[in-house]
Amino acid sequence: MRDINFFRDIIFKFRLTVLLVLDKRVAIYVKLIPLAALIYLVVPFDLMIGPIDDAALIMGAMQLFISLCPEELVEEHSQGLEKRKETTKASSIRIIDSHAVDEEK
């Protein structure tokens, strides 16, 4: 169960990072952090051999970027992602319920 929550957290932070990068209210110099992390991934030079340093760098860059963004923007986009997740979960439950009702007929 902890592994699932770990990956959900990564996906949430990735989506939050994308939303914040696209937000015009975030300073351009702060947006350079995720850009620099992406450039590091593309450049063939690695600090260590293997994907461990790449994953650590991406996670660190996302965390640093999110922490440097204005708190109210992070909260706004976080709440939007949570609402989207709840809406998706509710609609999938309705689909399952309607499918179950159709099978009973």
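In this structure, does I33 turn out to be modelled with pLDDT under 75, surrounded by 10 or more Cβ atoms within 10 Å (Cβ to Cβ) and β-branched (V, I, T)? Give the derivation first.
Numbers: modelled with pLDDT under 75: no; surrounded by 10 or more Cβ atoms within 10 Å (Cβ to Cβ): yes; β-branched (V, I, T): yes.
No; evaluated as a whole, the condition is false for this residue.
Mind listing whichever residues of segment 12-30 are within 14 Å of the chain's Cα centre (by Cα), among the β-branched types (V, I, T) and exposed (fewer than 12 other Cβ atoms within 10 Å of the Cβ)?
Here is the first cut: in segment 12-30, the residues within 14 Å of the chain's Cα centre (by Cα) are 12-22.
Those still in the list that are among the β-branched types (V, I, T) too: 17-18, 21.
Answer for segment 12-30, where residues must be within 14 Å of the chain's Cα centre (by Cα), among the β-branched types (V, I, T) and exposed (fewer than 12 other Cβ atoms within 10 Å of the Cβ): there is none.
Do you know which residues across segment 23-81 are of a type in the set (D, E, K, R) and part of a loop (DSSP other than H, G, I, E, B)?
Here is the first cut: in segment 23-81, the ones of a type in the set (D, E, K, R) are 23-25, 31, 46, 53-54, 71-72, 75-76.
Matches in segment 23-81: D23, K24, R25, D46.
Out of curiosity, is I33 under 21 Å from L81 (Cβ atoms), in contact (Cβ under 8 Å) with a residue 24 or more places away in the chain and aliphatic (A, V, I, L, M)?
On the way: under 21 Å from L81 (Cβ atoms): yes; in contact (Cβ under 8 Å) with a residue 24 or more places away in the chain: yes; aliphatic (A, V, I, L, M): yes.
Here the answer is yes, as I33 does meet what is asked.
Please enumerate the residues belonging to segment 14-31 that are among the hydrophobic types (A, V, I, L, M, F, W, C) and touching a helix residue (DSSP H, G or I) at 6+ places or on another chain (Cβ under 8 Å). Working first, answer last.
Start the filter on segment 14-31 by keeping residues that are among the hydrophobic types (A, V, I, L, M, F, W, C), which leaves 14, 16, 18-22, 26-28, 30.
F14, L16, L19, L20, V21, V26, V30, listed by residue number.
Tally time: how many residues in segment 48-105 are surrounded by 13 or more Cβ atoms within 10 Å (Cβ to Cβ) and at pLDDT below 80? Steps first, answer last, please.
Here is the first cut: in segment 48-105, the residues surrounded by 13 or more Cβ atoms within 10 Å (Cβ to Cβ) are 53-54, 57-59, 61-66, 68-70, 73-74, 76-78, 80-81, 85.
Still in the list and also at pLDDT below 80: 53, 85.
Final tally of qualifying residues: 2.
Could you list, in sequence order, the residues of segment 32-82 that are hydrophobic (A, V, I, L, M, F, W, C), closer than 20 Å to F6 by Cα and touching a helix residue (DSSP H, G or I) at 6+ places or on another chain (Cβ under 8 Å)? It would help to see each step written out before you state the result.
Quick first cut of segment 32-82, residues hydrophobic (A, V, I, L, M, F, W, C) only: 32-33, 35-39, 41-43, 45, 47-49, 52, 55-59, 61-62, 64-66, 68-69, 73-74, 81.
Add one more test, that the residue is closer than 20 Å to F6 by Cα, and what stays is 52, 55-59, 61-62, 64-66, 74, 81.
Matches in segment 32-82: L57, I58, M59, A61, M62, L64, F65, I66, V74, L81.
The values are calculated or read from the model by the stated rules, or taken from the named source; none is laboratory data. These numbers were taken from a predicted model, which means no experiment stands behind them. Cβ coordinates were reconstructed from backbone atoms using ideal geometry, including for glycine residues, and neighbour counts include every protein chain displayed.
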